[in-house]
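Colleague: Below you'll find the structure I mean.
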Amino acid sequence: MTRRPASPPPTPAADEPQGVTLVISWAVQRGREEEFEELTHEIADRAREFCGHDGVTWLRPHGSQGVYHSVLRFTDEDRLMEWVQLPERQDWLRRVHEVAHEVSTSPPQTTGTETWFSLPEQPVKAPPKWKATLMTMLGAYPVSLLINWLLSPHLGSWPLPLRALAFPVVAAPLLTFLIMPRLSRLFRNWLYPDTRR
């Protein structure tokens, strides 16, 4: 009896909502950094209760620069727009503008690897690229092993382009939503040494 090739992994429907990110940069007045960070914790606590919120990462400035960056993640753009226009957030903005001002705001973008390495609700410096590379290899290896163990034996008769498609279709969602956020938290003291108490 001829074995039928396994069905390809499901791909998201075209109209299925995808996660989005919004990056906002803030120039903070000298000497008021602590006050600004207290306000970031306050809005992060409120955001956690908002439907569709997937986390926020605050990146501290490097060296003498006084610019902070916030990376907001939401399940879809509609939820993000609701949050941005929320009266409670507008009140928070008025208070923040007493100590800082927005220097740039990116348009919402679909979620990608720029948010793999995050420490939600806490201002941090982005990890060095070599650390990010090692963490990506650590996360991708078990996914590659899983695909080769479970799928590859059934895909031998498929054309090469379809066999190659199996890895990104399976790996990208697993890395973005399951593996990398957990590795980021598990290795937080190594990725973000400045946050150690």
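Colleague: Does the stretch 48-57 hold any residues that are open to solvent by less than 10 Å² (accessible area, probe 1.4 Å) and out of contact with any Asp or Glu (no Cβ under 8 Å at 6 or more places or on another chain), and which are they?
Modeller: Passing the criteria: only 57.
Colleague: Next up: Quick one: residue 155 ticks every box in (1) more than 23 Å from the chain's Cα centre (by Cα); (2) loosely packed, with under 15 Cβ neighbours inside 10 Å except a single one, so which number is it?
Modeller: (2)
Colleague: Among the listed residues 45, 78, identify the single one that is assigned to a helix (DSSP H, G or I), open to solvent by less than 80 Å² (accessible area, probe 1.4 Å) and modelled with pLDDT of 55 or more.
Modeller: From the options 45, 78, the qualifying one is 45.
Colleague: Is one or more of the residues making up the stretch 114-127 modelled with pLDDT of 85 or more and among the aliphatic types (A, V, I, L, M)?
Modeller: No, there is no match, as no residue in the stretch 114-127 is modelled with pLDDT of 85 or more and among the aliphatic types (A, V, I, L, M).
Colleague: Between a first residue in the stretch 75-94 that is over 17 Å from residue 55 (Cα atoms) and a second residue that is modelled with pLDDT of 85 or more and exposed (fewer than 14 other Cβ atoms within 10 Å of the Cβ), which pairs have beta carbons less than 9 Å apart while being 6 or more apart in sequence or on different chains?
Modeller: The qualifying pairs are 92/42; 93/102.
Let's see how each residue does on (1) basic (Lys, Arg); (2) more than 24 Å from residue 57 (Cβ to Cβ); (3) in contact (Cβ under 8 Å) with a residue 40 or more places away in the chain:
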position: 128; (1), (2), (3): no, no, no
position: 140; (1), (2), (3): no, no, no
position: 152; (1), (2), (3): no, yes, no
position: 163; (1), (2), (3): yes, yes, no
position: 172; (1), (2), (3): no, no, no
position: 179; (1), (2), (3): no, no, yes
position: 182; (1), (2), (3): yes, no, no
position: 187; (1), (2), (3): no, no, yes
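The values are calculated or read from the model by the stated rules, or taken from the named source; none is laboratory data. On a predicted model such as this, the values are computed, not experimentally measured, just so you know. Backbone-built Cβ (ideal geometry, glycine too); neighbour counts: all protein chains shown. Side chains are part of the model used for accessible areas, which takes the heavy atoms of the whole protein and leaves out ligands, DNA and RNA. Shrake-Rupley method; radii C 1.70, N 1.55, O 1.52, S 1.80 Å.
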